[in-house]
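Since the structure comes first, as C-alpha cells, the remarks are kept for the end.
The values are calculated or read from the model by the stated rules, or taken from the named source; none is laboratory data. Note that the structure is predicted; figures quoted are calculated from it, not measured. Cβ atoms come from the backbone with ideal geometry, glycine included; neighbour counts cover every protein chain shown. Ligands, DNA and RNA are excluded from the accessible area calculation, which covers all protein heavy atoms including side chains. Shrake-Rupley method; radii C 1.70, N 1.55, O 1.52, S 1.80 Å.
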Amino acid sequence: MHLFFRKLPLTLKLLIIGIVPILFLIYFSALIYKEKSKTVQLIGDYIERVDQSANVGELISELGRERRLSYQYAIKKTGHKEVEVHRLLTDSIITVIKNGHDLALANFTRYTFLDHLSQIRAIIDTSSNYPPDNIVQFYTDVIVRLNTLNATIPSNTFLKDDYQDLVSQKILSEMITYLEIMRTNIFNALYMGEYSLTALTGPQNVYYKLYKSYETEFLMKASPNSISVYNNEKKLTEYGPTMEYIDKLFGGSKFDTTYDSNEWWTISTRGVIELRKQQRALWKSVDIRIKEMSTREKNSKNLTLIFLTVSILFVIGFVTYFINDITKLLRELKLAARKISKGGTDLQLKNMPAGVIGNLAKSIKQIDKNNLLLAEAASQIGKGNFDQEVKPRSEEDLLGISIRKMQNDLREFTSQKDKIQKETEDLVYKRDEFFSVASHELRTPVTSIKAYTQLLLMDAEGSGDVQRQKMLNRMNVQVNKLTVLISDLLDISKLQNGQLAYHKEPFILEELVNEIVEEIQPTSPETQLLLKSSIHAIVNADRDRIGQVLSNLLVNATKYAHTSKEIIVELQKKGDKVICSVHDFGNGILPDEYDKIFERFYRISGDNLNTFPGLGLGLFISKEIIEKHDGKIWLQSEKGKGTIFYFELPMA
C-alpha cells in the first residue's frame, strides 16, 4: 500500500488529501439537511391533520344544524326547503373530507353511521309517523362518533405553544355535542307539554356526568385568554341564559317553564352558535400559527441549505486554491524546464517558496540566463514592438533565426489585420447608421401617406365609390406593411444601441391575446384564429411589446401557413409561468432551420425570393423582447403537419 501511494502522481496525492475532508463535510451537511427536511415534512403533516380536523369540526357543526332542522320538520312539518338546502352543504363537507389524504379518515363514512344518512333523510321526507326522537338519536350518534375522529395532535416540541388551544377546541367540541343533546330533549319536553323532570333523566345525567366534566376540564386546561372569552360568553351572550336555565331546570325540584318551546329553541340556538364561534376561533388561531411555523421552518431549511452549500463551496475553494497553487508551481517548473530544453527563454519563475521547489527554480533560472538576450527580443516582439533588433547568436541558432522570421511575419500580419478590421467596422457602422437614418426618414412620409390614405378611404366610403374603396383598401394594407417594416427597422436600431425602452406594468394576458386575435383576424379572412383555452394570468410586462410579439407570431402563421384553415392560440399555466402558443397547420419547418429562424434578417425560402415577403426581423425582435422579460421563446414543428411557436413569461 505504501509503495502504491508513493507511485501516485503528486497532483493526485494532493487531490486525495483535499477530497477526504470535503466528502466528510458533504456527508454531515446531508444529514443536517435531511433532519431539517423531516421537520418541515412533520409540520406539513400537522397542518394537513389540523385542516382535516377542522373539516370534521365543520361537518359536526353542519350535522348538528341538520339535526335541528330535521327535528323541527318532523314535529311541525314545515321548513322542508331549508332542510334540503342544508343537506347540500353537509354533503359538500363530506365530499371534501373524502377527497383528503388523511389515512386516519379513510372510509370514515362506513364506521360513523354516515352510510345510513340517505336512508334517514328518505324516512324524514316520506314518513309521517317516524319518531322525532329517533331522528335526534341518529344524528347524535353520528356526531358523537365523529367527535372521536377529531383527535388532538400529540404534544411535541413544535406545537408546545399551540397544543393548549388544540386541546381546548376539542373539549369545546364535546361540550357543543352534549349541549345539543340536552337542548333538543328540553325542547321536546316543552313542545310536547311533558313538564316532568322524570322525562329529562337522560339529559340530566348527560349534564352532570359529561357536560360539567368537560366544562371543568376546559377551565383547567385552556389558556387564560380562552377562559376569559368563555366567561364573557356566559355573561354577555345567549350562552349564559342557556346554561342558567339548564342549571335551574336540572337543579330544581320541579320543571321550570320560564321559556316556551320556541323561546327556548331560539335562545339555546344562539348559545350553541356562540360556543361554536369560540371553537372555530381556536382552530383558526392554531391553523394560522402552525402555517407560520411551517413557513419559518421552510425558510430555515432553505437558509441551512444555503449556509451548507456556501460552506462546502468555501472549503472546496480553499482546498482547490492550495492544491492549485502547489500544482501551478510544479507546472511552472515543468514548463520552464521543457521550454529551456526546446530553446525557450524569458522564464517567469517568481515568488517561488523555499525548500526543494525553490532550489529547483534557481537552477532553472541559471540555465535561462544564457538565453536572456534572445528572450528579451522575443518578449518585445510578443508585445508588438516589431522594431526590436534581433541578433541570432550564430548561423546555427535556429531559435534566433526563427524569432527574426516571426518578427517579420507578425509585422505583416498585424498590418493586414488592422486594415481588415477597420474596414469591417466601417461597413458595420455604415450599415447600422443607414438602417437607423432610413427608418427614421421613412417613418414621417409613410405616416403622412397613411393619414391621407385614411382620409381618401373615408371620402370614398362616403361617396359610395366601391372601386376606389377597393384600391384604397389595398393601398392601406400595403402602407400598413411598410409601417411594420419601418417599425421593425427602428426596433433593430434601438436594440443595437440599447435604447429600446420597456414600460412594464401588471395586466391580464388573456385580454391582450383577445385584442390581438381580433385585430389580426380581418387581415386573413380565409383563416380562422381560435383562442382555444382561456386562463386568468397576470404578468408584469410591457403590454405593447408583448402584443408586438403575439402579433408577429400570428402574422407569420397566416403568412407562412396560408393553406391552414385555422390557427389556434392557447394559454396555459405551468408553475409560476404562463405559456402562450400559436399553432398553425401549414407546411412546417425543417429541423436545421430551428435555430436560424430567430436570427436577424433570416427568412425561410420559398419557390422564389418574394414567396414570403418581409425582412426577417420579426422573430429576432420577438426573441429579444421575451428574453428582456426573463422569458423564453421556442418552436416545435413537423414537416407537412404545421408549426407551434411558444413563448413563456413569469406571472406577476
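General remarks:
- Filter pass, Y191 being over 27 Å from W283 (Cα atoms), outside any helix (DSSP H, G or I) and modelled with pLDDT of 80 or more: no
- Answer residue from segment 266-282, given it is hydrophobic (A, V, I, L, M, F, W, C) and open to solvent by 20 Å² or more (accessible area, probe 1.4 Å) and is nearest to I171 (Cα to Cα) among those: A281
- Whichever residue in segment 242-265 is farther than 20 Å from L210 by Cβ and hydrophobic (A, V, I, L, M, F, W, C) and, among such residues, is surrounded by the most Cβ atoms within 10 Å (Cβ to Cβ): W264
- Test: L179 is under 25 Å from S70 (Cα atoms), touching a residue at least 60 places away in the same chain (Cβ under 8 Å) and surrounded by 15 or more Cβ atoms within 10 Å (Cβ to Cβ): yes
- Out of E511, E505, one residue alone is at pLDDT 90 or above, in a helix (DSSP H, G or I) and under 23 Å from E648 (Cβ atoms). It is E511.
- Total residues in segment 63-95 satisfying the condition of being surrounded by 14 or more Cβ atoms within 10 Å (Cβ to Cβ) and within 31 Å of the chain's Cα centre (by Cα): the figure is 2.
- Between L42, L23, L15, the distinction of being modelled with pLDDT under 70, in a helix (DSSP H, G or I) and under 30 Å from V315 (Cα atoms) belongs to L15 only.
- Of the candidates L512, L529, the single residue that is without any contact (Cβ under 8 Å) to a residue 60 or more places away in the chain, under 20 Å from L635 (Cα atoms) and buried (at least 18 other Cβ atoms within 10 Å of the Cβ) is L529.
- Residue match in segment 95-103 (condition: in a helix (DSSP H, G or I), under 25 Å from I186 (Cβ atoms) and at pLDDT below 90): no
- Some residue of segment 118-133 being closer than 25 Å to E174 by Cβ and open to solvent by 50 Å² or more (accessible area, probe 1.4 Å): yes
- Y239 vs. criteria surrounded by 16 or more Cβ atoms within 10 Å (Cβ to Cβ), touching a Gly at 6+ places or on another chain (Cβ under 6 Å) and either at pLDDT below 90 or not acidic (D, E) (or both): yes
- If you go through segment 555-588 and pick out every residue that is in a loop (DSSP other than H, G, I, E, B) and open to solvent by 10 Å² or more (accessible area, probe 1.4 Å), you end up with 8.
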